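The structure under discussion appears below in the form of structure tokens.
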Amino acid sequence: MKKLLLPLIFGLFLLLPILTFGHQPKQSLIYLRIYEKTGIEGRFEVNAHELNSVFGLDLGLHPGIEQVRPYQERIQAYLFENAKFSSELADYKIIFTGEITKLNLSYGDFINFHFRLENSENLPDSLTLDYNAFFDEDPSHMCLVAMEYNWKAGLINNEHIVALYLSEGERNGTFSIKETSLWKGFLAMVQQGVWHIWIGMDHILFLLALILPSVVRRRKKEGVTGEAIHTNKPVLWSWEPVKSFRPAFMYILKIVTFFTIAHTITLSLASLEIITLPSRVVESIIAFSVGLAAYHNIRPIFKGEDWVIAFVFGLFHGFGFASVLGDLGFKGEYLSLSLVGFNVGVELGQIAIIALIFPVLYFIRNYRLYVKLMFWLSVLLIIISVYWLTERAFDIDLPLDEVINRNILYPIANFFGLK
């Protein structure tokens, strides 16, 4: 227990900034998405407390979308009147799309009003914002402006890099949207690839299941003859550690190569919209792949052909990666560079994961404990796989999943400025 105490304290220390940064009760936020072909989109994020205070409403701190909708036009008219975007090229009219979403936080939900800037297809070098909302009613109010998506600026799903801070005493400001380069965009896609393999627990566990047997080899137990095979008698298998580093490394190299080839193929096909599959089907098969790879460690399905599992299910993992690009707001800009960058990031993320796990496996392979460890880890992976498969196939949220997301995955994502 004492050994775990120091890492736990250190982990809590790392997560402390999450509690003090980001959305705060007396803030409004404006997130912009800069697209080279279709112009500028965005959303206002307003705390429910501010809506109650300014408009005299009684929505509570956690209103449903339907509670807000009767006041939508009134709120949008207020924002329209108090937020003016302009540039060296033109003044831009805010066109609300009618979409409302919300962000749930413990101290109050942020209600999001989505919009686009009319005639912004010809992107300016900079944007100027004059913003007067909420300041008169609450002089301590602040407005934060961020470019959530700007491919060439290297901002993909950005939340924490703020372009502009506005307050009661400073209600307007100008920020650049063209301090950009293809290199920044490429590096941002690499970063997203690394990050999404690291937070993609199903991808990580699939890799883990595949590499557990890398440092051991199946052998028939002594006394089991070829006759047992021909008479359909059960063949008993045992595990022997590899004698040198090379066969273990070549096993890893083969598995990763086939997995990479497979997910690259389908990521490209899906991004080019040549082949698309329903997300529910893809995510269910990915969950199933974890369990099958783990079961293969207990009772071999493809004897000596472990790469088959890596390749076949790698195809579906590629479709999963493609859905990530959609979630990031990717609309096909700089498609080739985006795909290469994201794939490079995924591979770097995989290499980092394997570099952490493989040396440990190789070091303990000679201990008898290793076979038991591999067996019980595989059993655990099968249980997790069944849990995920149940959720995804039947489209339900089991309680444990929400606990993990709320207390582990969401805080980590917020800490790194990703959603």
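What follows is calculated from the coordinates using simple rules that are stated; it is not laboratory data. Keep in mind that what you see is a predicted model, and the values were worked out from it rather than measured. Backbone-built Cβ (ideal geometry, glycine too); neighbour counts: all protein chains shown.
Using a cut-off of 21 Å between Cα atoms, the listed pairs K254/K303; K37/K152; K37/K178; K102/K152; K26/K152; K93/K152 include K102/K152; K26/K152; K93/K152 as exceeding that distance.
Relative contact order of region 21-180, taken over Cα pairs closer than 8 Å and 6 or more residues apart, is 27 percent. Taking each residue as 0.36 nm, the span from N172 to E118 lengthens on full extension beyond its C-alpha to C-alpha distance by 17.4 nm. Taking amide H atoms as placed 1.01 Å from N in the peptide plane, the amide H of G108 has no partner under 5 Å among residues 5 or more positions away or on other chains.
Coupling constants for region 311-326 follow from the phi torsions by the Karplus curve (6.51 cos²θ - 1.76 cosθ + 1.60, θ = phi - 60°), and in residue order they are 6, 4, 7, x, 4, 6, 5, x, 5, x, 5, 4, 5, 4, 4, x Hz; glycine and proline get x.
Taking θ as phi - 60° and the Karplus parameters 6.51, -1.76 and 1.60, the scalar couplings of region 42-54 work out to x, 7, 8, 10, 10, 5, 4, 4, 5, 5, 4, 6, 6 Hz in sequence order, x denoting glycine and proline.
Highest mean first, the peptides 292-299, 44-51, 122-129 sorted by other C-beta atoms within 10 Å per residue fall in the order 44-51, 292-299, 122-129. Summary of the geometry: region 79-112 and region 186-211, compared by the centres of their Cα atoms, lie 33 Å apart.
Residue-wise HN-Hα couplings along region 207-218, as the Karplus relation 6.51 cos²θ - 1.76 cosθ + 1.60 with θ = phi - 60° gives them from phi, are 4, 4, 4, 6, 9, 4, x, 5, 9, 9, 9, 6 Hz; Gly and Pro carry x.
By average Cβ neighbour count within 10 Å, what is the ranking of 353-362, 141-150, 305-314 from highest down?
Highest mean packing first, the order is 141-150, 305-314, 353-362.
Amide H to amide H, with H built 1.01 Å from N, L89 comes under 5 Å of no residue 5 or more places away or on another chain.
When the alpha carbon coordinates of region 21-180 are projected onto the principal axes, the ranges are 43, 31, 27 Å, largest first. Given +1 at the Cβ of Lys and Arg, -1 at the Cβ of Asp and Glu and no other charges, the dipole of region 72-189 around its Cα centre is 420 debye to the nearest 20. Distances between placed amide hydrogens fall under 5 Å for I275 paired with A270, all partners being 5 or more residues away or on another chain.
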